[in-house]
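Some notes on the structure that comes next.
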Amino acid sequence: MNGDSKLDPSEDFPEDLDGLPADEVSVLNSMVHRQMDAEYVEDGSLDPETEGRNEELRLELDDRDKKSGEAEQRQDRGEHEA
């Protein structure tokens, strides 16, 4: 990452989001969204790489939210993770 608040399509992107800590995924998500905003303003459309990264992040965050919700439900029922 270049220190910018956006993640250019030419910059490296992790192959496995599942292995990253939640705060790193959140930072990547923010950077990709800022890149999307810039591309819409400058080009009127998204770079396919940026669009793909956004989708990968959306799926990862949805999966983490689902797992978190399931863990909270187990905790509310007094169950422990196996």
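The values are calculated or read from the model by the stated rules, or taken from the named source; none is laboratory data. This structure is a prediction, so every number in the text was calculated from the model and none was measured. With ideal geometry, Cβ positions are generated from the backbone for all residues, glycine too; neighbour counts draw on all protein chains shown.
Here are a few things to note about the model shown:
- Flag if ASP47 is of a type in the set (Asp, Glu) and over 14 Å from PRO9 (Cα atoms): no
- Odd one out for ARG77 among (1) charged (D, E, K, R); (2) surrounded by fewer than 10 Cβ atoms within 10 Å (Cβ to Cβ); (3) in contact with a helix residue (DSSP H, G or I) (Cβ under 9 Å, 6 or more places away or on another chain): (3)
- Residues located in segment 1-41, provided they are aliphatic (A, V, I, L, M), without any contact (Cβ under 8 Å) to a residue 24 or more places away in the chain, more than 16 Å from GLU55 (Cα to Cα) and surrounded by 13 or more Cβ atoms within 10 Å (Cβ to Cβ): LEU20
- Residue count, segment 1-57 (criterion: of a type in the set (A, V, I, L, M), in a helix (DSSP H, G or I) and either over 27 Å from LYS67 (Cβ atoms) or under 10 Å from the mean Cα position of the chain (by Cα) (or both)): 10
- Neighbours by Cβ (under 9 Å, 6+ apart or cross-chain): first from segment 57-74, exposed (fewer than 12 other Cβ atoms within 10 Å of the Cβ); second at pLDDT 75 or above: LEU59/LEU17
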